[in-house]
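The structure appears below as structure tokens.
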Amino acid sequence: MSKKIGVYVCQCGTNIGGKVDVAKIAEEIETEMGDVVVCRHYKYMCSEPGQKLIRDDIAELGLDCVVEASCSPKMHEPTFKNAVAQAGMNPYMFEMVNIREHCSWISENPDLATKKAKDLVRGGIARVAHHKPLTGTRKPVTPSALVVGGGIAGITAALKIAKAGYKVYMVEKEEIVGGRMAQFDKTFPTLDCAGCTLTPKTSEVGRHPNIEILTKAEVTGVSGFVGNFTVRVRQQPRYVSEEKCTGCGDCQGVCPIDVVSDFEVGLSNRHPISRPFPQAIPNTYSIIRSGQPPCQSACPAGVNVVGYMNLTGMGKYDEALAMVRERMPFAASCGRICFHPCEAVCKRGQLDDPLAICHTKRFLGDRELAMKSFSHPPVKEAKAEKVAIVGAGPAGLSAAYYLALEGYPVTVFEKLPAAGGMLMVGIPEYRLPKEILNAEIENLKTLGVEIRTGVTFGKDVTFESLESEGYRSFFIATGLHKSLSLRIEGEETQGVIGGTDLLRDTALEQVKAKAEGKEPATPAIGKRVVVIGGGNVAIDCARTCARLGAEVVVLYRRTRAEMPAWDIEVDEAEKEGVRFEFLAAPTKVISENGKVTGLEYLRMELGAPDDSGRRRPVPMEGSERVMDADTVVPAIGQAPDTSFLEGLGLDVERWGTIRTEEETLVTSRPGVFAGGDCTLGAASFVEAVAHGRMAAESIHHYLAHGGLRPVKPVERSVPEELTQEERDRARPIQKQRMPHLSAEKRGGNFHEVELGFTQEMAKAEGERCLSCSLCCQCGECVKKCGPGAIDLTETEKIREIDVGAIVVATGIDIFDAKKYPEYGFGRYPDVITNLQFERLCNASGPTGGKVLKPSDGTVPKSIVFVQCVGSRDRAKGNEYCSKVCCMISAKQLSIFKHFSPDGQAYVFYIDNRAGGKGYEEFLRRAIEEDGARYIRGRVAKIFQERDKLVVRGEDSLAGVPVEVEADMVVLATGLTAQTDYMTVARALNLSTDRYGFFIESHPKLGPVETSLSGIYLAGGAQGPKDIPESVAQGGAAAAEALSLFGMGEVEVEPTVAMVDSIRCTGCRTCVGLCAYTAVSFDEYTKTASINEALCQGCGTCAAACPVAAIGVQHYTPDQVMAQIEGILGG
Amino acid sequence: MTTDYEPKIIAFLCNWCSYVAADAAGVSRFVQLPNVRVIRVFCSGMVDPGYVIKAFAEGADAVLVAGCHPGDCHYISGNIKAMRRAALLDRLLTEMGVEKGRFRLEWIAASESPKYAEVINEMTRSVQKLGPFRVQRCAG
């Protein structure tokens, strides 16, 4: 049965009518489309006469449906739905077509715009024929509000809502509320003290029982709808308890870090722990930290590098070492052999050289060993549960250290005759003296750790035997000691000795000889040694053999650039006489009488890159050569000793390593954990230590609480790019160079090559740290804080908050004056912005309220104010007027005149804009009473001449160029959108204009509403405005929220999914798709079923239904298909 | 650019992001080529592949589906489902003889009105280059 459709095309004055020929559309539609019984056009359909046209037609012509073609439905859909409802029509029998925003306003060609509009109208007509009467439901409003931004607009909104008796959550990005106004000194046009008017408000916000302030917090997302939002908020820690902090300020005195103060707009420094000003709300201290610094993130053990480097810089070596030891028990060893990934990412490296982190750590370790002391945190109360550790390498010993500190009785079982694992038998003496390593291992024993060497697990002891001895948990860290074979002919010949075997034999011989007081016997190597491989083990073997007097060649199949060994190691090897043969791969070991006499090898060339990104070596056919050799040392990698693993009953990976859970290191056997190389494959010392500590935590949790420990959240990272602020902060100290034993002194002995840093060198390196994380977590403030209010282990929190209304009052930022390089901001210290001038005037500012030149602290005699810096300037991308700068300059020159009555102020202006109550009179006084000279014209250039700044511009009224000498120049910088406006816009689905200001729903009649019902705007976030306007908007936004709360209920559209149970085949495709679990499978009817209370109407289920059995009401497939046909059928 | 050929493009816009961006582009008077016909949907995840095929069958020269950026979906993850469906649909359309470039999925946030206008203009021009869409009948 066909329906009677009425169509109404709005001219919207010239907004639509100026581009789209609405009369033509109306005429053609009426003749072409059968169901259309009436099609009218009118100048303003939204006006009362316009609406009456529709109402009358419904009554007189008995229309079934109505199509309205005008502006966006986001604008007037409610108006028209209401109009048809008044005439007795179900509002869902109405369809709105957008021919303004989507057509007339964006089209250039009137004919094509008319054609487009007509297509859209046809689509609407086709669609509306399929509409069905629907009834919405009503849902209660959550009577609480979220205010985003704690400036004066947000404060006003929050107080008004709170005072009406509703809960308010105030989310503020900074550590205090007050916003920009907190930075100002006085306000125009009354010269009231900004602080005196603001702080009563901030205190009220702080103590109001209905207001909960969330500082250092950001909104990350919102779901739901008007009256029923769920907001996701991410809150960075303050690290200082608001309950415990007394505001005494003792913490500030001991903080070693100075960073530029944002609150003081760069005029002075602050410590990361501070309180911006005495009346700040919350009135407690807090710590700013930009995240985990790259060095700490890169460190597998997660050592707080920035912390101990800064402590070293302060000369607090004991504290620095304690900080290292929180995550790395072996500072002296680590400082020698770590591959220090921290240094590769150190942000100082972007400026000059990265910090010598590793060498500094070695100094800290060596210093303590030299003093023959060992400091460690106090051992906790002794526990009964015994822990067995298998393998006395870095992983096992680290686990032993941390478990011993927890109070557990720990026994370490080691197969070899000496403890230390690869540190002992893999790293040669000249890189890590056994004496140093042994001293660090001896330290462990003082904690009660028992190390039993020469005990093979699986043979001498087993799980069962140890369990019967009372061991409750196990940590397997047996390492990777078998050399990978070359798989070439002749590998079994005498004279072929695996790299790790060579190093181990050499080391054990040295240990044994030392114990017996003898000279170590020379291992069985010949005079001409070929080492095969390009990693650090290969270089260690080469340098070891060179020390034993052999002629050494290293054979590597790629080139030097691809070598995984460290550059410094290769350099030192070359100095020691080791020769390198690149692009060569062995093919056969040549022997005579069962002894090696040479090595046949093949020349290689580099082909396409492989999976590792390195170019793959490709053999060159027929390039075989033979190299004389009596010893061949393959050092191409290590493998786990799988024979030992087989008997353990633990799951293993494909490569023979033990299978563990990455975060907890638990194996397939309860109570047994594993870590280090035997789980990772050939890894590094520091990764092994990291595993040791991780295992200790897991074992402690397992023994103390049972089960697996929870995984801790990861702190966000410091931004990678070096900032200007960090450049400025860097102390001009050169990188310290490690002194080396000269090459000629190395032959025939194993003396350590790197000689170590002096105290001065270590301290200098510490001072070079940029502290890019801001707070370095050195812990000095924690020790100083009497009430124990500081907790540096706090982590960011994610909260979900249910609110009915949201007020967005995120405020403004200040235009970056550096975009006018000709004005010299940032180059001349006495060229400042007007916000900096506010801080100079402010009694709590850096000069205590005196207007002084930043360069020399003297009183300026003349000041030039430059207007429109970043406003009304198309070239800089800011065409708009910032609205407040004319008045700010008038106010500031007035303050200057009061401070320095002899002073002279000049203002270069474009137009004086003083629209506002009392504004013009105030400006007049600045000119007449304060004697300011106003010069109309733009400033071309500011430059320094002797001790004066010269401002060159044009007096456009007189038509002459002018130059004014000044002691200080104040740039009246414009207001811009917040730099992170996009984050807020994305989180809340707000639209912005091209400058980043949020768009209100109507420029005249909806100044605080947005296109999203229930979300309101206030203050500078919507566009530049002064304090009274921000306050007024804050109040208006509060009124919107309150009227919503007053209604108590909102209508929820009936646009939920519906299942056609006859079509539904019960395939259940839809069930798993629903993000709200609103779709379930009805076992009785064997069809899908929708829970309407949960359904949000997104239609994902409908789109997936293979038989089109689901449709969202009012967006059914019939309706959309008809709309497509209608649009394209014209 | 002068061409007599004016393609018709159907754009399914998410009510919460791209539709708002399209409105904002209008408010900002960002000039757009007049070839796009917008159909408002609640979520890009609501766009049944059948709608896209229907549009081509009814004579559309191209189809755009625009939704919220991944992670920003008003309905948690509808856009992700749209993304997965689009990948499949893309292959299906190719099989059906619809050239690459005639079907597109874009993420356009409410705040990205300049991007919306750019996408519209760029897509229109590239479809103009492709020429009118004609169903290529498969042999057999």
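The values are calculated or read from the model by the stated rules, or taken from the named source; none is laboratory data. Since we're looking at a predicted model, the values are computed, not measured. Cβ: placed from backbone, ideal geometry, glycine included. Neighbour counts: every protein chain shown. Surface areas here come from the heavy atoms of the whole protein model, side chains and all, with no ligands, DNA or RNA. Shrake-Rupley method; radii C 1.70, N 1.55, O 1.52, S 1.80 Å.
Centroid-to-centroid, using Cα positions, the range A:1029-1043 and the range A:786-819 are 22 Å apart. When each full DSSP H helix of chain A is screened for a Cα extent of at least 18 Å along its own axis and an average Kyte-Doolittle hydropathy of at least -0.5, the helices passing are A:110-128, A:194-207, A:357-370, A:685-705, A:885-899, A:1027-1047.
Amide H contacts of A:Tyr934 (H built 1.01 Å from N, in plane; Pro and chain starts excluded): A:Val907 sit under 5 Å, all sequence-distant by 5 or more or on other chains.
Using a Förster distance of 22 Å, how high is the FRET efficiency between A:Glu516 and A:Glu450, based on the Cβ-Cβ distance and rounded to 0.05? The partial results should precede the final answer.
Details: r = 24 Å, r/R0 = 1.10.
Between A:Glu516 and A:Glu450 the formula returns 0.35.
Accessible surface of A:Arg232, taken over heavy atoms with a 1.4 Å probe and every protein chain present, rounds to 110 Å². Placing dummy labels 7 Å off each Cα toward the beta-carbon, the span from A:His208 to A:Leu708 is 4.7 nm. Take the Cβ atoms of A:Val379 and A:Thr246, set R0 to 30 Å, and the FRET efficiency comes out at 0.35.
Comparing the full protein assembly with the isolated chain, the residues of the range A:111-129 losing at least 50 square angstrom of accessible surface (1.4 Å probe) are A:Leu112, A:Lys116.
Keeping the other protein chains in place, figure out the carbon and sulfur percent of the accessible area of the range B:9-130, with a 1.4 Å probe. The partial results should precede the final answer.
Numbers: 2260 of 3910 Å².
With neighbouring chains kept in place, the figure for the range B:9-130 is 58 percent.
In the context of the full set of protein chains, the range B:9-130 has a per residue accessible area of 32 Å² (1.4 Å probe).
The slack in the chain from A:Asp802 to A:Ala59, taken as 0.36 nm per residue of separation less the alpha-carbon distance, amounts to 263.1 nm. Pairs with C-alpha atoms separated by more than 20 Å, drawn from the list A:Lys43/B:Lys8; A:Lys372/A:Lys735; A:Lys735/A:Lys763; A:Lys891/A:Lys1025, are A:Lys43/B:Lys8; A:Lys372/A:Lys735. Taking the chain by itself as reference, the range A:72-104 contains these residues with an accessible-area loss of 30 Å² or more in the full protein complex (1.4 Å probe, heavy atoms): A:Pro73, A:Lys74, A:Glu101, A:His102. Just give the residues from the range B:57-97 buried by at least 30 square angstrom of accessible area in the all-chains context relative to the isolated chain, probe 1.4 Å, and say none if nothing qualifies. So the qualifying set is B:Glu58, B:Asp72, B:His74, B:Tyr75, B:Ile76, B:Lys81, B:Arg85.
Quick one: pull the percent of accessible area on chain A belonging to carbon and sulfur, 1.4 Å probe, ligands and nucleic acids left out. That fraction is 50 percent.
If you take all other residues with their beta carbon under 13 Å from the beta carbon of A:Pro140, and give Lys and Arg +1 and Asp and Glu -1, the sum is -1. Placing a pseudo-label 7 Å from each Cα along the Cα-to-Cβ vector at A:Ser1061 and A:Glu760 gives an inter-label distance of 9.1 nm. Buried accessible surface for the A/B chain pair comes to about 4800 Å², total over both chains, computed with a 1.4 Å probe. Taking amide H positions as modeled 1.01 Å from N, with prolines and chain starts lacking one, the residues under 5 Å from A:Gly598 and 5 or more places away or on another chain are A:Ile590, A:Ala629.
Ligands, DNA and RNA are left out, and with a 1.4 angstrom probe the accessible area of the range A:812-867 is 36 Å² per residue. Once you reduce the range A:302-358 and the range A:976-1008 to the center of their Cα atoms, the two points are 45 Å from each other. Rounded, prolate or oblate: pick one for the range A:365-501, where a ≥ b ≥ c are the square roots of the eigenvalues of its C-alpha gyration tensor, a/c under 1.5 means rounded, and failing that, prolate if a/b is larger than b/c, else oblate. Cα axes put the range A:365-501 in the oblate bin. Give the shape of the range B:9-130 as rounded, prolate or oblate, defined through the alpha-carbon gyration tensor: a ≥ b ≥ c are the square roots of its eigenvalues, a/c under 1.5 means rounded, and otherwise the shape is prolate if a/b is larger than b/c and oblate if not. Oblate shape, in that a/c is at least 1.5 and b/c is the bigger or equal ratio. Close amide H contacts of A:Leu722 (hydrogens built in the peptide plane, cut-off under 5 Å, sequence separation of 5 or more or a different chain): none are found. At full extension, A:Thr983 and A:Glu108 could sit 311.7 nm farther apart than now, given 0.36 nm per residue minus the alpha carbon distance. Each residue, A:Asp567 and A:Glu509, gets one label point 7 Å from its Cα in the Cβ direction; the gap between the two is 3.5 nm.
Taking all protein chains into account, the per residue accessible area for the range A:267-334 stands at 26 Å² (1.4 Å probe).
Excluding A:Pro378 itself, calculate the net charge of residues whose Cβ lies under 14 Å from the Cβ of A:Pro378, where each Lys or Arg counts +1 and each Asp or Glu counts -1. Mind dumping the intermediate values first?
Values: positive: A:Arg325, A:Lys380; negative: A:Glu326, A:Glu381, A:Glu406.
So the surrounding residues net to -1.
Based only on the alpha carbon positions, what is the Kirkwood hydrodynamic radius of chain A, in angstrom?
Numbers: mean 1/r = 0.0277 Å⁻¹.
It is 36.1 Å.
Seen from A:Ser261, the other residues with C-beta closer than 14 Å to its C-beta sum to a net charge of -4, counting Lys and Arg as +1 and Asp and Glu as -1. If R0 is taken as 51 Å, the Cβ-Cβ distance between A:Asp460 and A:Ser742 corresponds to a FRET efficiency of 0.65.
In the range A:3-122, inverting the average of 1/r over every pair of distinct C-alpha atoms gives 13.9 Å as the Kirkwood radius.
Summary of the geometry: the range A:928-944 and the range A:475-519, compared by the centres of their Cα atoms, lie 82 Å apart.
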